[in-house]
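Inspection log for the structure reproduced underneath, given as structure tokens.
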Amino acid sequence: MGSFVPTISFCFLFSVLLFVATCSASYYVRDADDDGTAHLHFYMHDDYTSPHPTAMRVITAPSMNSESSSPRRFRDIVVLNNVLTEDPSPDSQAIGKAQGFAVRVAEDGIVSDLSLHLAFEDGPLKGSSLAVHGRIAMDQPVRESVVVGGTRHFRFAKGYLLSKNYDYNLKDGGIVKMDVYVSHQH
């Protein structure tokens, strides 16, 4: 009977640890299929105006229209190092960074050519990344970009990213909801 108790204790402890690991990982990996298709859900915090911004315009083009008051202009280049979180709250658990750049490609500054790496720094995807590229029209309610590859867990990745403003404005930035649908090989 003495060896029976440690076996039950080990099974119980293992079950608890498995449950905790599953709960902590489920905040952004949803519906992972056996074929390697996954739905990732998280929020990007795009901050242009705080004392420590995570997005910054590094090239500001002269205005082509002297009457334009848009904070974004054609030919501007913006560099991004935005935090990714599991929930929209800035105090939410950080899971990684969205790092890359955007070039304003429309005369009104609303449309960008985006090159972005989603680098996961916590949870079961730690050390993995996804490379995303797309035409982003900020006046659209939902924007679609293509997943062009990935590293580590996401080698040979392909898929798409849907982004939607959660609490965002062009001048200050804000929070963007992101849903990634990706297939990959392990």
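What's the total number of residues in the range 167-181 that are surrounded by 15 or more Cβ atoms within 10 Å (Cβ to Cβ) and either without any contact (Cβ under 8 Å) to a residue 60 or more places away in the chain or basic (Lys, Arg) (or both)?
Total satisfying the criteria: 1.
Check 75, 104 and return the single one that is of a type in the set (Lys, Arg), touching a residue at least 24 places away in the same chain (Cβ under 8 Å) and surrounded by fewer than 16 Cβ atoms within 10 Å (Cβ to Cβ).
Of the residues listed, the single one that is of a type in the set (Lys, Arg), touching a residue at least 24 places away in the same chain (Cβ under 8 Å) and surrounded by fewer than 16 Cβ atoms within 10 Å (Cβ to Cβ) is 75.
Residue under question is residue 123, and the condition is that it be surrounded by 20 or more Cβ atoms within 10 Å (Cβ to Cβ), touching a residue at least 60 places away in the same chain (Cβ under 8 Å), under 21 Å from residue 85 (Cβ atoms) and more than 13 Å from the chain's Cα centre (by Cα); does it hold?
Considered against the rule, which asks whether it is surrounded by 20 or more Cβ atoms within 10 Å (Cβ to Cβ), touching a residue at least 60 places away in the same chain (Cβ under 8 Å), under 21 Å from residue 85 (Cβ atoms) and more than 13 Å from the chain's Cα centre (by Cα), residue 123 comes out as no.
Would you check if residue 105 is more than 16 Å from residue 174 (Cβ to Cβ), more than 14 Å from the chain's Cα centre (by Cα), modelled with pLDDT of 95 or more and hydrophobic (A, V, I, L, M, F, W, C)?
No, not satisfied.
Residues in the range 126-145 that are out of contact with any Leu (no Cβ under 8 Å at 6 or more places or on another chain) and either under 19 Å from residue 39 (Cβ atoms) or surrounded by 20 or more Cβ atoms within 10 Å (Cβ to Cβ) (or both): how many?
Of the residues in that region, 2 qualify.
Using the structure shown, decide if residue 107 is under 26 Å from residue 58 (Cα atoms), part of a strand (DSSP E or B) and among the charged types (D, E, K, R).
It is false that residue 107 is under 26 Å from residue 58 (Cα atoms), part of a strand (DSSP E or B) and among the charged types (D, E, K, R).
Applying the selection to the range 36-84, what residues are farther than 13 Å from residue 174 by Cα, of a type in the set (Val, Ile, Thr) and at pLDDT 90 or above?
58, 77, 78, 79
Which one is surrounded by the fewest Cβ atoms within 10 Å (Cβ to Cβ) among residues in the range 146-166 that are polar (S, T, N, Q) and at pLDDT 95 or above?
If we take residues in the range 146-166 being polar (S, T, N, Q) and at pLDDT 95 or above, then 151 is surrounded by the fewest Cβ atoms within 10 Å (Cβ to Cβ).
The values are calculated or read from the model by the stated rules, or taken from the named source; none is laboratory data. None of the values given here were measured: they were computed from a predicted structure. Backbone-built Cβ (ideal geometry, glycine too); neighbour counts: all protein chains shown.
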